[in-house]
There are 2 protein chains.
Amino acid sequence: MENTPFNTSTSPYYDIVIIGAGPVGLMLSTCLARWGYKIKHIDNRAEPTPTGRADGIQPRSLDLLRNMGLKSAIMAHQPAKVYEVAFWDPPESGKGIVRTGTWASCPAFIDARYPFTTLLHQGLIERVFIADLEKNGVKIQRPWTIKGFKSDEKANPEYPVEVNLEHTDGTMRETVRAKYLFSGEGARSFVREQLGIRITHKDPISYVWGVMDGVVITDFPDIRMKCTIHSEHGSIMVIPRENNMVRLYIQIASSTDPDWSPRKTATEEEVQASAKKILHPYNIEWERVEWYSVYPIGQGISDKYTLDHRVFLGGDACHTHSPKAGQGMNTAFLDALNLAWKIHAVEAGFADRSLLTTYEPERKDVAETLLAFDNKYAKLFSQRPPAANEVQAASKHTNGGNGEDNEFVKTFKEACEFTSGYGVAYKPNVLNWSPEHAAKSPLIHPRGTKLRTGRLMANSNVTRVVDANVVHLEQEVPLNGSFRIYVFAGSPSSATASRALRDFAQNLHRSRSSSFFARYLRPDADGVSPHERHNPHSRFFTFCVVFAAPRAQIEIARDVPGLLARYRDHVYADDVWDRRVPDAKAAAHAKMGFLTGEGEDGEGGVVVVRPDGYVGVVVRLVEGAGTVDALNEYFGAFCTEKFEETKSQL
Amino acid sequence: MENTPFNTSTSPYYDIVIIGAGPVGLMLSTCLARWGYKIKHIDNRAEPTPTGRADGIQPRSLDLLRNMGLKSAIMAHQPAKVYEVAFWDPPESGKGIVRTGTWASCPAFIDARYPFTTLLHQGLIERVFIADLEKNGVKIQRPWTIKGFKSDEKANPEYPVEVNLEHTDGTMRETVRAKYLFSGEGARSFVREQLGIRITHKDPISYVWGVMDGVVITDFPDIRMKCTIHSEHGSIMVIPRENNMVRLYIQIASSTDPDWSPRKTATEEEVQASAKKILHPYNIEWERVEWYSVYPIGQGISDKYTLDHRVFLGGDACHTHSPKAGQGMNTAFLDALNLAWKIHAVEAGFADRSLLTTYEPERKDVAETLLAFDNKYAKLFSQRPPAANEVQAASKHTNGGNGEDNEFVKTFKEACEFTSGYGVAYKPNVLNWSPEHAAKSPLIHPRGTKLRTGRLMANSNVTRVVDANVVHLEQEVPLNGSFRIYVFAGSPSSATASRALRDFAQNLHRSRSSSFFARYLRPDADGVSPHERHNPHSRFFTFCVVFAAPRAQIEIARDVPGLLARYRDHVYADDVWDRRVPDAKAAAHAKMGFLTGEGEDGEGGVVVVRPDGYVGVVVRLVEGAGTVDALNEYFGAFCTEKFEETKSQL
């Protein structure tokens, strides 16, 4: 065997081999490393991205980074924050450019914690992940590349994937076996090519873009804003960055041009001269250029994200689009997150392997929506700039729902919601309940529910009972791979509500065979530290109980049944005023759509949130076994175990 | 000279020698190092505080740390946050303890950004400062101690202080000369003793305290809260900390005891047994004790903080008090900050040397207020626990001002304001304007002003015009030693307001001899980077202009006169809604008390904020030279230069 290029006889075993240490690879690696998986992670660059590249973190991605405990390390670099976008166009008469409008990049109708886009050099973001990985014992192997792989589940059901790796200088080689292989290689993915997966181009138009990062001296008033500038001399997009830097995107060529060539280029000086003309009557001088690059790009989506659910693609390997939408890194993060928790659920023995089939449709659909929006949005602007009253209408707190929004405002709202990251909507499937789901309990999705399955749970402020801290409820469970089960329990002084909560807790552990919860207890449940806050019973579930009452009226020992009282750090008072529901006594309940019944108290409910933050199912909280039965039906649709219906036993 | 113990012939020169690297020394050192001073900083401990010690950061101190850019490094340690204090007492009948009330540690009537106390091990806080110092080239010299010093301004007017230092093992010695010597040595200050300064004991009662840090297992429901527990078996104070830790303070002896001895002690086991009895019927077991100590303490204040305004004391060297108030570190920070900017103002050639005489009265008065409150507060509680309606009345958003508050509520409010740090009130002097001040312009302190000189400027949210970021106005100028001059300019569409702003800018630089601003320009003003945001003209002033208008209606090039337009990063729109002034069109103006006149627009004003955040003077913004004249009068009272009144010149 000495003459085989890769020696496979002593291949080490990994849970996953990840190719590429850009945003998608790093997010996947970081999640799985935290959850205890053994990872081989390589990248063909000698070090992290030194300059340039995608660097916009959308509002929802910042929530995600915070949930991972990585936000403050990113904000420590003092990134630029884009709150508004300004539009500049030629004036009605005369020369030059005038501001024709501005609007919020994340308008108030989106209930965002951080209503801005964060702009920071990608290399700095990558380093935050790399530092976290190193804490968990994963070191990116650089500069290494993938030379081949094969996947054969029959030959080796446990570690079906064999991967051949090589140092980029060809001096070293190794072969490893893994349960999974992931390509986060970017647009030119070797893995995708080897699998013969094609790219479908959604928009037939291709472009050549010039992008320049640097420090400028200018009297252009909006240089710290995101700007779209159209002039008779061409178009530019301005993106502010950290350290007084600015990024300019200039479209150099389009396949609609008569002399189109994807190899068309422009020098740094040409782009600067062009920028001067476009910005006239304002002056612009470069103090320093940090980075300049020209690249052709088209909109495309990979036909498949996986063939066998062992070798997966994600990030730019699956979708390419114009940099203008600022979505690259954000989409990459969510690809990785979606796959990470599903691999975990399967490998930890919780979910059926078929759960992995939900990765491609969920993420491919989002990529298609992104590209469609990118086109629609661009067309919208090329037609006409928005009028001031349209911007105002589109930015209002609440969607009036009175059908008055015109097409422009509607598209704008959808676009804002989508680009902020809050608009990602996974379609109905085994995880995202709909009437077609196998779970048929009439308690599911009760009247009044404002939450939508497949979308994020609404943000809300509550008071943690044990320490009176005012907290962001949606951030209380860290990104730990667990489902988050929020029990909105109404008032502890309501006898009905109290009985319903007690029955819920009792039915969770009524018998080992009959509940989603009881079947997936930790093997070490008896020895868990009393300081464990999130997963004392099961690695797959964290419970939170939210009462519609002031904190001072809640006594955990009296009001929370035993099993749930173990999650004492996750008991909350829904007693914080919220401007979005100013008249609600219990704002979080109101935002979710609970306590809205005819009766004085209304009813509580249980919200199951997937490990990645998306709502799976909403169930009424009722006396008896019904609530747990409904959850059993829901989880039974994708768990390894099935749960008996036990109404008759009570 | 070989046989002199300290060789003075080649003494190196420093701006300041700082003894002690606890909170007071580190804050002083950090400020002065950032502002370019040459520092010798020693500490007699081999490394930073390893365990125990003061660790409460009050709300206002967190503002300060944020203003220094150090808050996120502290919060990265995930400190405990105390939002509420719970009171436990023996029940009316029966045994054990019951909760008799809770209240906010920083109630809503205080307009705090961070309405909680942050609890973190002092050593971790010290390390944040030490890391910052190292960035500025200052390394704490350890373990070194001070052996002697003398101060003789006549012999050496520039470097009057000679200091003898020695390694604690006696193997190395050095003598240095400095402009200043600062003792941050703690209660047993060698410098204070050498100066013969005595401690006056405000409260004749002394105590012996036991303090224990550790991890406990308990069913006591408020273990994550700050609690004051009285029982028939004694009293305990509970303070939550980071990493599941808790601190217990137990009073072991009081000088009012018949068998009083300041040497009375108790073992770890005795304190634990005592805690068990006091907490009954709840259980408490120690999983781990991190630190245990017993120490006698009395309330005392140093008679003097300096004798010659060259050798200064601060922090525990000046005031000792019970740890219960949680004020030690906070008072230390403010001692240092107060001194730091005054030394800077004098040494940089801006303020007359006599400015240094304001350090002792300002800070000693605060220490006396602290001790008085400590007593009053303690007595208040020993008399009776507060009734629920009293707590409610005391916690309301606004002080009704209708005279209905009873004595208890009044004291409570004062105490909360004081302990939060927002109540620090420097008395009238050359910096804090009052009718007795040398500045007599009738434009000073106009009717309607809500700001109080010698107190913090109100917190407010505004929108920065250049990048549309919503920001905290009071945080916009970093702690850089500059006075912060906030111009509340009313509406840019008001002709009167626009003329007043134009006149203000013109009069600032009308001639080199006649304005506080023109006299203190940077020598390198012509070569300052266009990216300098805070001090383009003068190291002593930063200007901010706040318009009462929506951001979209403000054009800096049109609305801000040239000189002020240079501070383009400090132009704001007062267009963010504030719950505390819900009906105000311009919330920041309203909170400061501007635009409250009879006319439709009302009038703007100029607020001068000292480098440490306290309001110095408030002046009406009027057409003509009056506003600048009034500021000239104010600054003329303590600057090295005097300014001619120039009304006649215009």
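The values are calculated or read from the model by the stated rules, or taken from the named source; none is laboratory data. All values reported here derive from a predicted model rather than from experimental measurement. Neighbour counts are summed over all protein chains in view; Cβ atoms, including those assigned to glycine, are modelled from backbone coordinates with ideal geometry. Surface areas here come from the heavy atoms of the whole protein model, side chains and all, with no ligands, DNA or RNA. Shrake-Rupley method; radii C 1.70, N 1.55, O 1.52, S 1.80 Å.
Annotation: B:Ser529 carries an accessible surface of approximately 50 Å², with a 1.4 Å probe and no ligand, DNA or RNA atoms counted. Among the trypsin sites (Lys or Arg not before Pro) within the range B:457-565, those in coil by DSSP and having at most 14 neighbouring Cβ atoms inside 10 Å are B:Arg512.
Loop-resident trypsin sites (Lys or Arg not before Pro) (DSSP state other than H, G, I, E or B) in the range A:67-174 with no more than 16 further Cβ atoms inside 10 Å of their Cβ: A:Lys95, A:Arg113, A:Lys139, A:Lys154. Backbone geometry of the range B:569-575 corresponds, through the Karplus equation with coefficients 6.51, -1.76 and 1.60 at θ = phi - 60°, to 3J(HN,Hα) couplings of 6, 10, 10, 10, 9, 8, 10 Hz, x marking Gly and Pro. In straight-distance terms, cross-link reach from B:Lys95 covers every one of the aspartates and glutamates whose alpha-carbon lies under 14 Å from its own, apart from those fewer than eight places away in the same chain; here that gives B:Glu232.
Across peptide A:516-525, the average count of Cβ atoms from other chains found within 10 Å of a residue's Cβ is 0. Cross-link partners for B:Lys376 among the lysines, with Cα-Cα distance under 16 Å and sequence neighbours closer than 8 places in the same chain left out: B:Lys202, B:Lys324, B:Lys410, B:Lys413.
Only beta bridges with both residues in the range B:461-649 are counted; by DSSP, about 60 percent of them are antiparallel.
A 1.4 Å probe run over the protein chains yields, for the protein assembly as shown, 40 Å² of accessible area per residue, whole-number rounding.
Spread over its residues, the convex hull of the C-alpha atoms of the range B:461-649 is 119 Å³ per residue.
How far is the Cα center of the range B:222-298 from the Cα center of the range B:510-578, in Å? Comparing the Cα centres of the range B:222-298 and the range B:510-578, I get a distance of 54 Å. When only Cα pairs under 8 Å and 6 or more residues apart are kept, what is the percent relative contact order across the range A:461-649? Over the range A:461-649, the number comes to 30 percent. Accessible area per residue (1.4 Å probe, heavy atoms of protein chains only) ranks B:Trp577, B:Trp341 as B:Trp577, B:Trp341, with the largest value leading. Distance from the axis that maps chain B onto chain A is least for the Cβ of the chain B residue given, with the whole Å value, as B:Ser72, 3. With runs of 4+ DSSP H residues as the only contributors, calculate the mean residue ellipticity of chain B at 222 nm using -39,500 (n - 2.57) per run, divided by the residue total and rounded to the nearest 500. Value at 222 nm, helices only: -7500 deg cm²/dmol. DSSP finds beta bridges in the protein assembly as shown, and of those with both partners inside it, around 75 percent are antiparallel. Expressed to the nearest 5 percent, the antiparallel share of DSSP beta bridges inside chain B is 75 percent.
Computed from backbone phi with θ = phi - 60° and the Karplus coefficients 6.51, -1.76 and 1.60, the 3J(HN,Hα) list for the range A:518-526 is 5, 6, 10, 5, 5, x, 9, 3, 6 Hz; x is used for glycine and proline.
Taken residue by residue and averaged, Cβ atoms of other chains lying within 10 Å of the Cβ of B:466-476 number 4. Simple point charges give the picture: +1 on the Cβ of Lys and Arg, -1 on the Cβ of Asp and Glu, and for the range B:531-613 a dipole about the Cα centre of about 420 debye.
So, in Å, what gap is there between the alpha-carbon centers of the range B:11-59 and the range A:340-363? Spelled out, the Cα-based centre of one part sits 54 Å from the other. Both radii were evaluated on the Cα set of the range A:61-142; the Rg over Rh quotient, with Rh as the Kirkwood radius, amounts to 1.19. Pairs over the 32 Å Cα-Cα cut-off, from the set A:Lys40/A:Lys154; A:Lys81/A:Lys591; A:Lys304/A:Lys591; A:Lys226/B:Lys38; B:Lys71/B:Lys427: A:Lys304/A:Lys591; A:Lys226/B:Lys38. Largest accessible area first, the residues A:Thr357, B:Thr118 order themselves as A:Thr357, B:Thr118 under a 1.4 Å probe with ligands, DNA and RNA left out.
When the square roots of the Cα gyration tensor eigenvalues are ordered a ≥ b ≥ c, the ratio a/c for chain A is 1.5 or more and a/b does not exceed b/c, which makes its shape oblate. A protection proxy built from the mean count of other Cβ atoms within 10 Å ranks the segments A:236-245, A:214-223, B:290-299, most packed first, as A:236-245, A:214-223, B:290-299. In summary, the aspartates and glutamates within cross-link reach of B:Lys179, defined as a Cα separation below 20 angstrom excluding same-chain residues under 8 places away, comprise B:Asp15, B:Asp43, B:Asp152, B:Glu153, B:Glu158, B:Glu162, B:Glu166, B:Asp308, B:Asp335, B:Glu347, B:Asp352, B:Glu360. Surface burial for A against B, with a 1.4 Å probe and both sides summed, reaches about 2800 Å² of accessible area. Measuring nothing but how far apart in sequence close Cα pairs (under 8 Å, 6+ apart) lie, relative to its length, the range A:1-134 scores a relative contact order of 29 percent.
Against the main long axis of the alpha-carbon atoms of chain B, helix B:359-383 sits at an angle near 50°. Rounded to the nearest whole angstrom, the semi-axes of the ellipsoid equivalent to the protein assembly as shown, taken from the Cα gyration tensor as √(5λ), stand at 51, 42, 33, largest first.
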